[in-house]
Ligand SMILES: [Zn+2]
């Protein structure tokens with residue numbers, strides 16, 4: 001029968017994430033065999049299959065470089081003697097002594113394309129909306145309504161659950177989302193899906209995780225940062241006061257540069273408008289924090305705001321974004337008392353003036369406001 005004569009080329013023609021269920025007959029082994037020197041193990045609940053993420057039937061090499069998945073053939077290098085599909089993880093460095101090398105230098109994870117980040121963050125906000133925590137994050141003394149946002153505008157924000165386990169559930173759900181929507185991207189990191197999207201990472205057992213490996217007392221607000229075309233480039237989290245110790249920052253990037261297979265978000269700026277729709281010579285307002293910028297626009301709909309994540313961040317991006325506009329810089333009023341803020345304000349104005357001088361721009365001066 002042709003059925004047990006499947007070769008590598010047959011697998012490559014199969015659609016993405018094709019699930020094989022007929023495994024009763026062993027298949028002919030392909031000429032290609034996995035480069036394994038340390039033997040194989042069966043997958044378990046603690047260490048599920050990296051390809052299909054199921055806890056049974058599949059196997060993996062103890063050096064973690066190869067998975068033998070009994071279910072998914074798409075992307076496989078060939079067929080093993082037991083009929084399983086051989087998947088090679090090129091991102092795992094070769095090692096001869098995994099026992100003494102449980103923490104290899106993390107391979108650098110490239111950030112996912114903006115279209116994928118935008119889609120995943122939108123899906124995150126859609127499936128874990130701030131409305132789930134109405135009393136805390138919307139209606140409470142620290143909620144979005146008390147800041148001045150309208151009820152209808154709260155749907156632009158998400159919430160992360162306090163427990164690591166619940167966040168991992170959301171990560172798994174979003175992994176499936178990427179698998180469905182961007183199957184090509186999923187191949188890049190052995191079907192981990194969300195790897196490459198700041199905030200997500202993958203633990204040593206192959207389980208995808210979201211945010212830090214710790215427990216919190218309260219849910220966290222998710223604040224999207226949108227680019228000049230309205231796409232979510234990254235998100236910030238606002239932690240509850242009860243979850244931070246003194247001196248710690250309340251607003252953090254949803255990023256995971258220190259976690260296994262995690263990556264950084266950078267410090268993008270946020271646009272409340274599309275510059276392509278605003279003619280040159282108009283006025284933009286520069287402020288600190290996307291939430292503040294959006295609140296301002298909610299209260300004063302004619303305002304076009306650009307937000308930096310911090311007074312010392314992304315000056316070059318702001319100068320570029322505001323280059324053809326008049327700029328009102330509306331940092332917090334503490335520039336009058338806080339020398340550090342004052343210095344950053346001066347640095348930003350100087351950068352903008354120097355940029356204008358270099359480009360021979362003539363325009364009205366930047367104004368201060370607070
Ligand atoms: Zn599998």
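Read the figures in this text as sums done on the coordinates, not as results from a lab. Here the structure is a predicted model, which means the values were calculated and not measured. Here the Cβ positions follow ideal geometry from the backbone for every residue, glycine too, while neighbour counts run over all protein chains shown.
Listed by Cβ neighbour count within 10 Å, with the fewest neighbours leading, 251, 121 appear as 251, 121. When the alpha carbon gyration tensor of the range 237-316 is reduced to an equivalent ellipsoid, the three semi-axes, largest first, read 28, 16, 10 Å. Going from the fewest other Cβ atoms within 10 Å to the most, the residues 294, 288, 153 appear in the order 153, 288, 294. Counting every other Cβ atom within 10 Å of each residue's Cβ, 108, 256, 146 order from fewest to most as 108, 146, 256. Rounded to two decimals, the Cα radius of gyration of the range 127-268 over 2.2 N^0.38 Å is 1.06.
The range 51-90 has equivalent-ellipsoid semi-axes of 13, 12, 10 Å, by the square roots of 5 times the alpha carbon gyration tensor eigenvalues, sorted largest first. Restricting to the range 191-272, what percent of DSSP beta bridges are antiparallel, rounded to 5? Percent antiparallel among DSSP bridges in the range 191-272 is about 100.
Going by the alpha-carbon gyration tensor, a ≥ b ≥ c the square roots of its eigenvalues, is the range 255-370 rounded (a/c under 1.5) or, if a/c is not under 1.5, prolate (a/b greater than b/c) versus oblate?
It comes out rounded by the Cα gyration axes.
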